[in-house]
1. Under a 1.4 Å probe, what is the accessible area of the chain per residue, stated in Å²?
2. Going by a ≥ b ≥ c, the root eigenvalues of the Cα gyration tensor, does the stretch 344-425 fall in the rounded group (a/c under 1.5), the prolate group (a/b larger than b/c) or the oblate group?
3. Could you work out Rg/(2.2 N^0.38 Å) for the chain, with Rg from alpha carbons only?
4. Please report the relative contact order for the chain, taking Cα pairs under 8 Å with a sequence separation of at least 6, and give it as a percent rounded to a whole number.
5. As a test, work out the antiparallel percent of DSSP beta bridges whose residues both lie in the chain, rounded to the nearest 5.
6. Which residues in the stretch 201-242 have a backbone N closer than 11 Å to a point placed 7 Å from the Cα of GLN297 along the Cα-to-Cβ line?
7. Shape of the stretch 36-177 from its Cα gyration tensor (a ≥ b ≥ c, root eigenvalues): rounded if a/c is under 1.5, otherwise prolate when a/b > b/c, or oblate?
8. Can you give the extra length, in nm with one decimal, that the chain gains between ASP240 and LEU192 once fully stretched, where that is 0.36 nm per residue apart less the Cα-Cα distance?
Amino acid sequence: MTAQDHRPHDLLGVGFGPSNLSLAVALHEMGQPIRAHFLEARAEFAWHPGMLIPGADMQVSFLKDLVSLRNPQSAFSFVSYLHAKGRLSKFINRKTFFPSRVEFTDYLAWVASQMPVCEYDRRVVGIEPVEAAGQIEAVEVISQNAAGEQDCHRARHLVIAPGGRARWPVVFAGLRGDARVIHSNDYRTKALPRLQPGMRIVVLGGGQSAAEIFGDLAGRAEGLRLDLVLRGRAMRPADDSPFVNEVFDPEQTARFHALPKAQRQKSLTTLAATNYAVADGDNIADLYDLLYEQSVQGGDRLTLHSECLPVHAEATAQGLRLVLDGPEGKRELQADMILLATGYDRALDSSVLHGLTRFQTGEPPARDYRLPMVAGFAPAIFVQGYSEATHGLSDTLLSVLALRAEEIARSVVEQVRGGTLLAAE
Ligand SMILES: Cc1cc2nc3c(=O)[nH]c(=O)nc-3n(C[C@H](O)[C@H](O)[C@H](O)COP(=O)(O)OP(=O)(O)OC[C@H]3O[C@@H](n4cnc5c(N)ncnc54)[C@H](O)[C@@H]3O)c2cc1C
């Protein structure tokens, strides 16, 4: 391991997805002399590359890009991107607020290419405290590249934004290393290259990713046999009606945060159908049409299993065997591949943070997204995307990104200006 730079960074970011990218732009536009540096595990900028399904659209208005809600005049807005690419007029002609995910990814990559503050192929694998004069004054961030080479960066403050972790249901625990059981996160990268004509594939899940994957597979030339297994009675549409959508307004964060814990929980449960286990109405209609068309033309290539839970999964000599429990009792499915569109968990990765856990108070992140730490621990540790319980449903989405970045950027600047914490020049 080599210590790359002896001067500590004022701020070191873990991950360079939209959250930390938005923060990098906010710091840049604030024009403060902050030494900020970000470490990203991927070899280059990418946004959920495994789910970059052609034709898939954004589920949020392009006006909720990395910057516009904070600074509508920013040179890093989606509109600026369209202008720079010579597509502004054509985009206007489309009369939509919802670009494709392919285009929005290109926008994010365009912004990232103008922020030379990120080191790619650097997965953070540990963070250790640096002690001086009886208190923790900085942190040492250990990262590793794809070749396994380690590096080390010292930082005064941290911002942690590594996104969600693919949720792997317990029933499939024994098939974790089986290349035929794939999370939706790896759909394009791991599932598509394995497709063979006539394969039988089970897609598990009732949300947006399941609907997109099922639709994509159904249209493929391989003539795949597909089973869609969902827990609910029917695929349900995401509620994006205007009054409900107000819950994603950045102004709602403070209101939500001020609620008593029980009311926050109630609100999250009541409004879960804005984001969880729901899909776009268009995708649901397309899926229904596919099944209807099959009933007109005859055939049994596509099957929907509603109100079913997987209770057992194993590898057999024939392939994969899945047992479902549903209203008519247990039934078995044989599959060549199982796709888990089962969502993501948001919990701070203890394998990264374990060096600091003894300094955490265990309290949730504060209003300014700072993790409460014990007395004597000077570095501020901010988190992005890990405060849904205290900051509301928008926390894991793009909706509040621009303003959250501004809040964190201001806190960071305050901390750095706090004199004793100013990085040595
Ligand atoms: C398929 C899909 C579509 C979505 N579409 C929308 C949408 O339309 N609208 C919306 O509002 N939300 C959408 N979301 C929600 C999504 O979480 C946010 O849009 C957004 O990606 C959150 O950004 P982030 O930077 O917090 O996390 P991420 O985008 O997940 O980025 C985290 C980054 O951290 C990196 N990383 C992880 N661990 C480490 C480590 N140890 N060291 C270094 N780097 C690390 C990852 O490689 C990644 O690049 C979608 C989610 C998915 C999965």
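1. Value returned for the chain: 48 Å² of accessible area per residue.
2. Verdict is oblate for the stretch 344-425.
3. Cα Rg divided by the expected 2.2 N^0.38 Å: 1.05.
4. Over the chain, the number comes to 23 percent.
5. 50 percent
6. 219-220, 223
7. oblate
8. 14.2 nm
The values are calculated or read from the model by the stated rules, or taken from the named source; none is laboratory data. Fair warning: this is a prediction, and the values are worked out from it, not measured in the lab. FYI the Cβ positions are ideal-geometry reconstructions off the backbone, even for glycines, and counts take in every protein chain you see. Calculation scope for accessible area: heavy atoms of the full protein, side chains included, ligands and nucleic acids excluded. Shrake-Rupley method; radii C 1.70, N 1.55, O 1.52, S 1.80 Å.
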